[in-house]
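First up is the structure itself, then whatever we jot down about it.
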Amino acid sequence: MDAGSRLAAERYQLLVTNLPSSSVMLFDHDLRFVLADGPELEVNGFSKAQIEGRLLYDAMDQAFAALVEPNLRAALGGKRFRAELPFGERLYQYTYEPLLNPDGSVRYAMVVAQNVTALRQAERDARRAEALVKTVVSNLPAALFAFGADGRLRLAEGRGLSRLGVTREQIIGRTAEELHPDPQGLPAHIRQVMAGHPLNVHIPYGEMVWDVSYSPVFDADGTVTEVVGMASEISDRLKAEASTRQSQKLEAVGQLAGGVAHDFNNMLAVVMSASEELRDALAGHPHLVELTDMVIGAAERSAQLTRQLLAFARSGPLSAEPVAVDDVVRETAALLARGIDRRVQLDTMLGAPGVTVVVDTAQFQTAVLNLGINARDAMPQGGHLTISTGVVHLDDAAAAALPSPVAAGSYAHITVTDTGVGIPRDVISRVFDPFFTTKEVGAGTGLGLAVVYGTARSHNGTVTVESAPGQGARFRLLLPVSDRGVRQPTRQVAVDRTGLGLVLLVEDEPMVRMLAERLIQSLGYEVLSAVDGPSGVARFRERHEELAMVLCDVVMPGMSGPDALRAMRAIDPEVPVALCSGYVSGHLDALDSANTIELLPKPYRRDALGLLIARTARRLP
């Protein structure tokens, strides 16, 4: 072999040996292996010596040889092509090339076999990944988009498109100006981001609000080639945030109202008690008695205002009992009918027969009455007022979605609907605020709906409102349904309001304590006073066997009234106890599960105090 032939052979061997994942084969017209070379032969368990010179059907598996034969015949017939066939667990791409004689006839069929198993697996993985990404993007509760450098939309995907009322086919290729005519909206945003500045904004779209994030895409030269972004509807989130803020605001105002009412009730208690003593002392002076009665009347009206504040604050004394919803609403509607204009048609639709709720009956009736009066006032020219009842079942999602969330369960609803002037959007979020009113000066205190809100929340319920200007309003009071039966009314028995015995009075406010002592003494009882919880417990320990009862304030610094009574009951559970306060900051259920503690709201008059003591105190030998 001359030098040229040796060099050609070396080059061939170098090429064939280093072909990646390949082998080269030559076949003559008898389908004999004239040549077989390359690394893939060894991968499949063959060697050059085993194959060269042998016929296809002798060297290969018969089934595989039958697959390959048509391709070899085609190549020997002068056809160039590629085909993929599996060989064992591997997949190969076969390139068929006819090799010609000088006269143009086909001498051999050359086959280059390349292992494409990994390549095809990677392609399948890429297709799956692409399909997965497309599925995820198409089902995102948002809209993904991209604007090209020409300002036209080139990508739009996601379920957010349906919320916008469009399809990708309708908007692809359109400019920002065509999609959103407001020049300060989408077009301005795209121009800003095309200048290289990311942006995040809220865009109103009809009744919805969208949170839109834009990002510029740069090429290697730092030029912005497109703008990509995502738009998410946040209307529900904004409503929930606003509802939470409103609820927190009302809670804060309620705490403030409760604290103010506590101090105010103490002062009113002094005014009323002192005025009653003055009236008794001035019995021979009719003019002065009349003035004293005016003071007492003003104090009572102030006490009523304070009770409304406490109802809003959810801190008023509660005397809860099971009542029939339809019965209370029927009575309240009858009461309301007497005070409304004849131009207002009042209808009741009672749909909760036999349904009971556990409520403070007076607060419940006041709440329904306030809703009715509010509806009446919204129809100065007349209209239609409907009060309906029913039962609604709230699952976890529905209960949590309410403006003031409640626990899941069954709720009695009392719905008051009017055909009045409606409520503007900027006002509707404030309708339950105390002292907020749209009425003229002197026409309302602004506490009516605040009391409804407080009553609902104090009974583990809520109240909702739906309205729009000119479309009337619908208020819905929701209260938890109870399985307790309605109590039968008991016949009132006359009680002697005077008696004998020793009463332990625990009161931290000096003036209130002094006047309470005088009232108790005027009723024929002796008084043992304590200025706070610890001293009250100490005096109870010393003289509990002599006591007819204990009268204790609820809100005191240090040890509260309920805490003091717990300590007293641990010493002697037989002594009757009663609490008095104008502000109950917490529930007394844990203290009084047996419903044996009397509760006297401040400010109280002498008759109420006398009735409480006569009903509660024990008679000692």
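Residues of the range 78-126 being of a type in the set (Gly, Ala, Ser) and part of a loop (DSSP other than H, G, I, E, B), which ones?
Answer for the range 78-126, where residues must be of a type in the set (Gly, Ala, Ser) and part of a loop (DSSP other than H, G, I, E, B): GLY78, GLY88, GLY104, SER105.
In contact (Cβ under 8 Å) with a residue 12 or more places away in the chain and either exposed (fewer than 13 other Cβ atoms within 10 Å of the Cβ) or at positive phi (or both): does that describe ARG80?
Yes; evaluated as a whole, the condition is true for this residue.
Only residues that are in a loop (DSSP other than H, G, I, E, B), among the polar types (S, T, N, Q) and modelled with pLDDT of 60 or more: list them for the range 9-48, please.
Scanning the range 9-48 gives SER21, ASN44, SER47.
Just checking, which of VAL527, VAL584, VAL575 is assigned to a loop (DSSP other than H, G, I, E, B) and modelled with pLDDT of 90 or more?
On the way: VAL527 fails: assigned to a loop (DSSP other than H, G, I, E, B); VAL584 fails: modelled with pLDDT of 90 or more.
Going through VAL527, VAL584, VAL575 in turn, the sole match is VAL575.
Considering only helices (runs of 4 or more DSSP H) fully contained in the range 164-242, which possess at least 1 residues that are buried (at least 17 other Cβ atoms within 10 Å of the Cβ) and touching a residue at least 40 places away in the same chain (Cβ under 8 Å)?
Counting at least 1 such residues, we get 186-194.
Residue check: is ARG279 at pLDDT below 80 and at positive phi?
No; evaluated as a whole, the condition is false for this residue.
Looking at GLY88, is it over 60 Å from the mean Cα position of the chain (by Cα) and either more than 17 Å from ARG32 (Cβ to Cβ) or surrounded by 16 or more Cβ atoms within 10 Å (Cβ to Cβ) (or both)?
For GLY88, the condition - over 60 Å from the mean Cα position of the chain (by Cα) and either more than 17 Å from ARG32 (Cβ to Cβ) or surrounded by 16 or more Cβ atoms within 10 Å (Cβ to Cβ) (or both) - is not met.
So, in the range 544-559, exactly how many residues are crowded, with 20+ Cβ neighbours inside 10 Å and either in a loop (DSSP other than H, G, I, E, B) or acidic (Asp, Glu) (or both)?
Count: 4.
How do the pairs read when you match residues in the range 62-73 that are assigned by TED's automatic domain parsing to the domain that holds VAL112 with residues anywhere that are of a type outside the set (A, V, I, L, M, F, W, C) and at pLDDT 90 or above, using Cβ under 6 Å and keeping only pairs 6 or more apart or on different chains?
Going by the 6 Å Cβ cut-off, the qualifying pairs are ALA65/TYR57; ASN71/TYR96.
Within the range 455-480, work out how many residues are surrounded by 18 or more Cβ atoms within 10 Å (Cβ to Cβ) and under 18 Å from VAL358 (Cα atoms).
Residues meeting the conditions: 12.
Considering (1) surrounded by 14 or more Cβ atoms within 10 Å (Cβ to Cβ); (2) within 16 Å of PHE27 (Cβ to Cβ); (3) out of contact with any Gly (no Cβ under 8 Å at 6 or more places or on another chain); (4) aliphatic (A, V, I, L, M), say which one VAL106 fails and leave the rest.
Single failed check for VAL106: (3).
Do you know which residues across the range 86-134 are within 30 Å of ALA156 (Cβ to Cβ) and acidic (Asp, Glu)?
The first filter runs over the range 86-134 and keeps only residues within 30 Å of ALA156 (Cβ to Cβ), leaving 122-134.
GLU123, ASP125, GLU130, listed by residue number.
Can you spot a residue in the range 47-57 that is buried (at least 17 other Cβ atoms within 10 Å of the Cβ) and out of contact with any Lys or Arg (no Cβ under 8 Å at 6 or more places or on another chain)?
Narrowing the range 47-57 to residues buried (at least 17 other Cβ atoms within 10 Å of the Cβ): 51, 56.
Those left that are additionally out of contact with any Lys or Arg (no Cβ under 8 Å at 6 or more places or on another chain): 51.
Yes: the range 47-57 contains one or more residues that are buried (at least 17 other Cβ atoms within 10 Å of the Cβ) and out of contact with any Lys or Arg (no Cβ under 8 Å at 6 or more places or on another chain).
The values are calculated or read from the model by the stated rules, or taken from the named source; none is laboratory data. What you see is a predicted model, and the numbers here were worked out from it, not measured in a lab. Here Cβ is always computed from backbone atoms with ideal geometry, including for glycine, and neighbour counts include all displayed protein chains.
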